[in-house]
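Since every read-out is calculated from the coordinates, none of them should be taken as a lab result. None of these values were measured; they are calculated from a predicted model. For neighbour counting, all protein chains shown are included, and Cβ atoms are generated from backbone atoms with ideal geometry for every residue, glycine included.
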Amino acid sequence: MVLKLTCSEELGDIVRLHDMSLALSVYLRANVPSKVIACFAETGQIDKIILYSKKVNHTPDYAGLLQHIMRANPEKGAEFATQLINDDSGPLVDIERVSYWRRWVSMINY
């Protein structure tokens with residue numbers, strides 16, 4: 001008997017417990033944008049979040065993502081905040097919220 005696995009959100013969730021890179025691949029093939037973006041954030045590939053979101057026409061909660069990234073890695077968070085503000089199509093998040101997080105990062109870096 002041969003079992004054939006198909007990429008799905010459920011398979012990605014199982015794989016994620018053991019291998020984040022493989023889970024990312026599964027989520028990409030299964031077309032689960034929210035999980036792809038979460039994997040990018042968790043693996044520090046924040047430079048891919050906006051590009052991927054635009055490519056698949058998905059609008060994530062950028063403010064929530066920014067908060068999550070800031071807590072996990074303030075330097076990456078500051079980088080992501082800059083990307084959100086300087087996007088070619090205009091700011092992707094309220095500038096006041098980003099300014100708050102930038103001040104927070106500067107305070108903890110001292």
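Show me, for the stretch 63-71, the HN-Hα J-couplings you get by feeding each phi into the Karplus relation (A = 6.51, B = -1.76, C = 1.60, θ = phi - 60°), rounded to Hz, glycine and proline as x.
Values, residue by residue: 5, x, 4, 4, 4, 4, 5, 4, 5 Hz.
Can you tally the lysine pairs in the chain where the Cα-Cα distance is under 27 Å and the two residues are eight or more apart, or on different chains?
Lysine pairs, 8 or more places apart or on different chains, close enough: 8.
Are there trypsin sites (Lys or Arg not before Pro) in the stretch 1-54 that DSSP puts in a loop and that have at most 14 other Cβ atoms within 10 Å, and which ones?
Passing sites in the stretch 1-54 are K4.
Quick one: 3J(HN,Hα) in Hz for the stretch 40-57, Karplus 6.51/-1.76/1.60 with θ = phi - 60°, rounded, Gly and Pro as x.
Computed from phi, the couplings for the stretch 40-57 are 4, 5, 5, 9, x, 8, 5, 5, 9, 4, 5, 4, 5, 4, 5, 4, 9, 6 Hz.
Tell me, V93, V26, V2 in order of fewest to most beta-carbon neighbours within 10 Å?
Fewest-to-most ranking of V93, V26, V2: V2, V93, V26.
Label points 7 Å out from Cα along the Cβ direction at D87 and K48: separation in nm?
Rounded to a tenth, the inter-label distance reads 1.9 nm.
Of (i) 71, 26, 12; (ii) 34, 19, 10; (iii) 31, 16, 9, which is the value of semi-axes √(5λ) of the Cα gyration tensor in Å derived from the coordinates here?
So the structure-derived entry is (iii).
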